[in-house]
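Structure first, then comments.
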Amino acid sequence: MQETLQTLVGGLSLGAVYALVAMGFSLVYRTMGLVNFAHADIAMIGAYAASTFYLTSKLPFAVAMLVAIAVTAAIGLVIERVLRPLENKDFDLMLIGTIGFGIVLQAVAILIWGTTGRAVPSPLRSAPLDLFGVRVRTYDLLVMGVAALAVITLAWFLARTKRGAAMQAVAMDHEAATAVGINVGRSNALAFAIGAGLAALAGGLVGPMLYVDASLGGALGIKGFAAAMLGGFGSIPGAVVGGLAIGVLDSYAAGHFQGYSVLVTFLVFTVAIMIRPTGVFGERTVSRA
């Protein structure tokens with residue numbers, strides 16, 4: 001029983017990271033109707049940047065994370081600005097453009113940081129907590145707390161601020177939003193920047209849990225994408241539920257099937273998607289093609 005609970009805590013921690021990645025995917029998709037295939041590589045850049053500012057520049061971990069988020073948000077703005085002339089004109093070319101940006105980001109990461117990667121020590125040196133016989137790493141609690149704060153902040157931004165309301169309006173009908181004076185390009189740029197920031201937050205948090213190298217984006221991106229689909233692409237609550245579900249499933253599969261854990265995880269995911277193709281909260285459909 002204790003081992004099961006311990007696996008559950010580890011799965012929720014990793015699931016919180018997948019949820020952040022999935023939220024970035026969903027935010028851009030619900031605003032622009034675009035799947036940003038560079039999102040995973042932005043998370044990888046965020047992980048490298050956070051580890052560099054933390055280990056090399058000796059900044060406090062929290063400050064290193066904030067700087068990494070700012071760097072990747074700027075990258076998101078650049079991507080959106082380059083793709084903006086294609087918005088509502090050539091959707092396929094926009095998708096190919098995001099794939100191209102992903103390849104460029106991987107090449108840039110190898111040029112700057114090399115191919116060997118790096119291990120990032122946990123910023124919390126304290127011993128694991130003993131909660132009713134279950135040993136819980138303090139860093140796992142930190143990851144879940146930060147992810148929960150990010151979810152609450154994003155929900156507040158979308159529901160309570162003028163910019164958030166504009167993004168919601170663009171997501172529902174970008175032509176009507178334009179007609180009432182909303183700057184669609186600015187909303188799209190903000191969605192890209194926030195999505196990239198969430199990717200950096202996920203990448204920076206996962207650094208002390210996994211090994212940071214150029215392939216990190218692929219591992220995070222595939223499971224984050226699966227989480228977004230499982231929850232319902234474009235749904236923020238769905239991204240959270242899907243991320244936690246994939247994290248817990250991945251954790252239990254790793255404990256019971258070792259080398260076949262990824263296979264088991266995606267077999268279960270495939271069955272779930274076959275049963276409910278739109279995902280848990282997937283009633284929304286967004287198409288700008």
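Annotations
- D213 - accessible surface, heavy atoms, 1.4 Å probe, Å² rounded to 10: 30
- Taken over the C-alpha atoms, the stretch 38-143 has Rg and Dmax values of 18.0, 58 angstrom.
- Karplus 3J(HN,Hα) series, Hz, for the stretch 189-198 with 6.51 cos²θ - 1.76 cosθ + 1.60 (x for Gly, Pro): 4, 5, 4, 4, 5, 5, x, 5, x, 5
- In order through the stretch 100-112: 3J(HN,Hα) via Karplus (6.51 cos²θ - 1.76 cosθ + 1.60), integer Hz, x for Gly, Pro: x, 5, x, 5, 4, 5, 4, 5, 5, 4, 5, 5, 7
- Computed from backbone phi, the HN-Hα couplings of the stretch 231-245 come to x, x, 4, x, 9, 5, x, x, 4, 5, 5, x, x, 5, 5 Hz, rounded to whole numbers (Karplus: 6.51 cos²θ - 1.76 cosθ + 1.60, θ = phi - 60°; Gly and Pro given as x).
- Using every pair of separate Cα atoms, the Kirkwood estimate puts the hydrodynamic radius of the stretch 96-238 at 18.0 angstrom.
- Accessible surface of the stretch 78-130 [probe 1.4 Å, protein heavy atoms]: carbon and sulfur percent: 66
- FRET efficiency, T278 to T56 (Cβ-Cβ, R0 45 Å, nearest 0.05): 0.50
- In this structure the stretch 90-154 gives 59 Å² per residue of accessible area when probed at 1.4 Å with all protein chains present.
- Shown here are the Rg and Dmax of the Cα trace of the stretch 158-231, at 16.0, 48 Å.
- Close amide-amide hydrogen proximity is noted between F233 and no other residue 5 or more places distant or on a separate chain, at a cut-off under 5 Å (H modeled in the peptide plane; Pro and chain starts excluded).
- Taking 1.306 mPa s as the viscosity and 10 °C as the temperature, the Stokes-Einstein diffusion coefficient of the stretch 155-199 based on its alpha-carbon Kirkwood radius rounds to 151 µm²/s.
- Alpha-carbon centroids, the stretch 84-121 and the stretch 24-59: separation in whole Å: 10
- Cα-based Kirkwood hydrodynamic radius, the chain, one decimal, Å: 19.2
- For W156, W113, the ranking by accessible surface with the largest value first comes to W156, W113, using a 1.4 Å probe.
- Cα-based values for the stretch 157-289, radius of gyration first and Dmax second, are 17.3, 55 Å.
- Peptide ranges 189-196, 200-207 listed from the most packed, as the mean C-beta count within 10 angstrom indicates: 200-207, 189-196
- Span from the the stretch 161-182 Cα centroid across to the the stretch 215-268 one, whole angstrom: 32
The values are calculated or read from the model by the stated rules, or taken from the named source; none is laboratory data. As the structure is a computational prediction, the values presented were derived from the model and not from experiment. Reconstructed Cβ throughout: ideal geometry from the backbone, glycine too, with neighbour counts over all protein chains shown. To get the accessible areas, we keep the full protein, side chains included, count just its heavy atoms, and leave off ligands, DNA and RNA. Shrake-Rupley method; radii C 1.70, N 1.55, O 1.52, S 1.80 Å.
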